[in-house]
Amino acid sequence: MKLAWITPRFSPEGVVGGAETLIRHLASLAAEAGHEVHLLTTCARDHFTWVNDREPGEEVIAGLQVHYFRVNEDRDVGRFLEVQNLIDRGRAVSEEDQEAWVANSVCSRDLNAWLEQEGSTLDAVLAGPYLFGLTVEASRVCHGKFWLVPCLHDEAFARLDVIAKMFREAQGCLFNAEPERQLAAELYGLPVEGNPVVGMAIDPVTSDGEGFRTQRGLTKPYVLYCGRREEGKNTHLLFEYLNTYLERRADTVSVVLAGSGDLQPPETLRPHILDLGFVTEQEKHDAMAGASVFIHPSTNESFGIVLLEAWLAGTPAMVHDRGEVLRWQCESSGGGLWFRYYPEFEAMLDLLLETPELAGKMGEQGRQYVLDHYNRQAISDRLLSALENT
Amino acid sequence: MSDEPQHVTVRVGAEGVDVEALVSEIRAEVARKREEGVYTDARIGRAERHNLMYMADSEELLRFYLKCLRDGVHVDINDFVIEDRRPGFKGRMLVKMKTVIWTLLKFYTFRMWHQQNQVNGLMVTAIESSFQQYEKKIASLEERIAKLEQGSSE
């Protein structure tokens with residue numbers, strides 16, 4: 001089969017967002033299975049400015065034929081943000097405004113032109129995440145061949161008519177987790193059949209938690225947060241909870257952060273934090289292996305790659321009760337607990353820190369779950385089975 | 001109520017961990033401790049401010065938050081021990097200077113903080129009252145619906 005996969009950004013080094021990593025991963029699996037894979041992306045690297053900072057063109061990277069296209073430079077960012085803010089605040093937005101929001105989002109006329117030119121030779125076009133103009137426009141250009149890899153969240157944008165239409169008219173969706181598929185069923189009436197849960201493979205790695213502790217001078221148990229530090233990830237809630245926990249429990253645990261973001265922790269929490277900033281993949285895995293508990297407070301995840309990676313390192317997790325997908329992962333694996341409010345957060349953290357045997361068992365359950373359900377073969381089987389139906 | 005934090009006790013089986021049962025057990029234990037006042041702490045009220053959107057649809061959690069709010073509603077304008085980490089004459093002088101500054105600050109801002117405390121207290125009372133009123137209204141409506149349903153089924 002000849003397949004085109006579309007993702008807003010692609011980096012040969014692999015340092016992009018979760019959804020982009022997912023698309024690259026699925027495209028690679030399809031290529032490994034012998035399909036002709038074209039990966040279409042933009043020339044942008046920065047997900048705030050979307051400036052075209054590399055030349056358009058083609059190159060073969062790790063077996064993928066990667067095509068870089070320019071983001072439309074005449075897009076009206078002011079108009080986009082104006083509508084985006086209205087949507088974000090839950091206001092009703094007219095069809096005209098929704099179209100303006102799509103047109104002034106991250107789109108590429110050059111990419112659309114390639115799809116129009118090559119469309120007749122393609123067997124399927126698979127694009128995601130759902131929130132980008134790039135994806136919406138591809139669904140229109142490749143009507144009848146379009147598959148969505150949505151990375152769907154329960155948010156105001158998901159309720160727009162323009163988005164609902166794309167979901168309903170797509171040939172099918174490849175979901176990351178069962179709650180994501182359930183959400184799509186609730187919002188758009190999508191049937192289970194023809195819209196499979198595929199997910200992403202998490203490859204086993206060797207990690208050295210003790211080495212990380214020694215190297216970083218960590219003498220106390222520590223909890224770990226990995227990812228962007230922003231309100232959308234609920235990091236501000238985690239900071240407040242950890243600050244209160246350390247005030248009530250007096251210096252019993254350290255906090256290790258990996259990743260970046262503008263959100264600053266409270267002044268009183270800072271002395272307890274070891275901020276790693278950007279880390280290599282190996283260092284991330286080592287930090288995960290050395291942690292007593294991995295905490296993922298986000299309520300807006302469609303998969304939770306870092307949660308699965310933490311389990312693979314044998315570390316138990318705590319997630320927010322309202323993060324449907326992460327809670328489902330915890331329920332399915334037995335590798336994590338889910339809190340609704342601070343008293344539960346405190347009780348669960350106490351329990352995991354004071355009962356290493358329990359924490360170890362939960363970490364092992366999580367690890368086994370990832371090895372059983374997110375191994376390369378299982379994901380490849382689910383993906384290829386879905387592609388057979390395209 | 002003791003100010004000392006109390007830990008939740010949960011028994012763990014020797015076999016695999018049933019996390020759903022564990023979460024239920026922790027929740028039951030936390031609810032019991034909450035009734036004992038273990039979590040009535042202004043610091044918890046502060047920590048929950050980013051969690052309100054998730055707590056708002058749970059009567060149980062919202063009631064707990066109102067309790068925390070009541071506990072943390074007053075701005076503390078009482079005197080406190082003024083210290084300085086520097087030893088000797090310099091340290092003693094700094095303590096004296098800080099004491100004078102605090103006395104002046106308290107003198108000139110006492111009226112403002114007093115008014116703020118009054119406003120905070122009234123606000124919390126108003127929120128609690130409307131919460132209780134709605135609780136009563138909902139209870140009476142539920143009772144009425146139950147009676148109507150009973151009447152229609154007979």
* FRET efficiency, A:S260 to B:V119 (Cβ-Cβ, R0 25 Å, nearest 0.05) -> 0.05
* Asked: R0 = 30 Å: FRET efficiency of B:L62 with B:D18, Cβ-based, nearest 0.05?
  -> 0.55
* Which of the lysines could a cross-linker bridge to A:K2, judged by Cα under 30 Å and excluding same-chain residues fewer than eight apart? -> A:K145, A:K165
* For every other residue with a beta carbon closer than 11 angstrom to the beta carbon of A:Q264, add +1 if it is Lys or Arg and -1 if Asp or Glu, then tell me the sum. => -1
* Asked: Rounded to the nearest 500, what is chain A's calculated 222 nm mean residue ellipticity when only DSSP H runs of at least 4 contribute -39500 (n - 2.57) each, over all residues?
  -> -13500 deg cm²/dmol
* To do: Report Rg/Rh for the range B:76-154, rounded to two decimals, where Rg is the Cα radius of gyration and Rh the Kirkwood radius.
  => 1.54
* Asked: Any number yet on Rg/Rh for the protein assembly as shown, C-alpha, Kirkwood?
  -> 1.02
* Structure fact -> Quick calc: nm separation of the 7 Å Cα→Cβ label points for B:F80 and A:E58 -> 6.8 nm
* To do: Write down the Å³ per residue value for the convex hull defined by the alpha carbon atoms of the range A:182-340.
  => 121 Å³
* Which value, in Å to one decimal place, does the Kirkwood hydrodynamic radius take for the range A:3-101 when every pair of different Cα atoms is included? -> 15.1 Å
* Asked: Cα-Cα over 26 Å: which of A:K220/B:K90; A:K220/B:K98; A:K220/A:K361; A:K233/A:K284?
  -> A:K220/B:K90; A:K220/B:K98
* Mind checking which of A:V162, A:V255, A:V106 has the largest fluctuation in a GNM of chain A, springs on alpha carbons under 10 Å? -> A:V162
* Leading residue at positive end of dipole, the protein assembly as shown (Cβ point charges), from B:G72, A:G18, A:M348 -> B:G72
* Structure fact -> Treating only Lys and Arg (+1) and Asp and Glu (-1) as charged, each at its beta carbon, one finds that the range A:348-390 has a dipole about its Cα centre, in Debye to the nearest 20, of 200 debye
* Structure fact -> With -39,500 (n - 2.57) per DSSP H segment of 4 or more residues and division by the full residue count of chain B, the 222 nm estimate, nearest 500 deg cm²/dmol, is -24000 deg cm²/dmol
* Can you give the charge dipole size of the protein assembly as shown about its Cα centre, rounded to the nearest 20 debye, using +1 on the beta carbon of Lys and Arg and -1 on the beta carbon of Asp and Glu? -> 2040 debye
* **Spin-label pair A:R140/B:A146, simplified geometry with 7 Å Cα→Cβ offset, distance in nm** => 5.5 nm
* Return the aspartates and glutamates within reach of B:K106: Cα separation strictly under 12 angstrom, same-chain partners fewer than 8 residues apart disregarded; answer none if there are no such residues. => B:D76, B:D79
* To do: Putting +1 on Lys and Arg Cβ atoms and -1 on Asp and Glu Cβ atoms, find which of B:L61, B:V19, B:L122 reaches farthest to the positive end of the dipole of chain B.
  => B:L122
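No value in this document is a laboratory result; all are computed from the given coordinates. All values derive from a computational prediction rather than experimental measurement. As a convention, Cβ positions derive from the backbone with ideal geometry for all residues, glycine included, and neighbour counts pool all protein chains shown.
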